[in-house]
Amino acid sequence: MTTNPYLNALTAVAYVALVASLMFFGSSYIDPVDNVLMPIAMLSLLVLSVVVMATCFFYQPIQLFLAGDKAGATTLFTKTIAAFALITFVIFATLLLLSQMSGRLPSQTIESVPAQATL
């Protein structure tokens, strides 16, 4: 990975998008599997994902830390996490906005919420 935290975060997001797309669109090409291969495949994907994410987030900070640049390692790790969190927030905000625009999510205001009877 690089010492650019934004590139590291974008790489992690790209990997997540790739795996999610393969799972979403791949289900139309693969019939349901009723044997032990599916759990093996999913656990293997989990292990691969952990390794890829660890490389995106930890490889370069560990290199900096081992080289004696503790402050640089901490800064790079923190900025990478912050960039990834910001991208994740933007994805969820976009999802929420798209859901409201499509009419699947009711937009409620205080006036539209029915009053509850008190006992």
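Flag: Gly68 matches the condition of being surrounded by fewer than 10 Cβ atoms within 10 Å (Cβ to Cβ) and either modelled with pLDDT of 95 or more or assigned to a helix (DSSP H, G or I) (or both). Is it the case that Thr80 is at pLDDT 95 or above, surrounded by 10 or more Cβ atoms within 10 Å (Cβ to Cβ), within 18 Å of the chain's Cα centre (by Cα) and part of a helix (DSSP H, G or I)? The answer is yes for Thr80. For residues that are modelled with pLDDT under 95 and under 22 Å from the mean Cα position of the chain (by Cα), scanning just the range 28-54, find the one that is nearest to Ala9 (Cα to Cα). Only one residue tops the list, namely Met42.
Hey, could you check the range 3-27 for residues that are more than 16 Å from Ala82 (Cα to Cα) and of a type in the set (S, T, N, Q) and say which is modelled with the lowest pLDDT? Here the answer is Ser27.
The values are calculated or read from the model by the stated rules, or taken from the named source; none is laboratory data. All figures in this text were calculated on a predicted structure; none of them were measured in a lab. Reconstructed Cβ throughout: ideal geometry from the backbone, glycine too, with neighbour counts over all protein chains shown.
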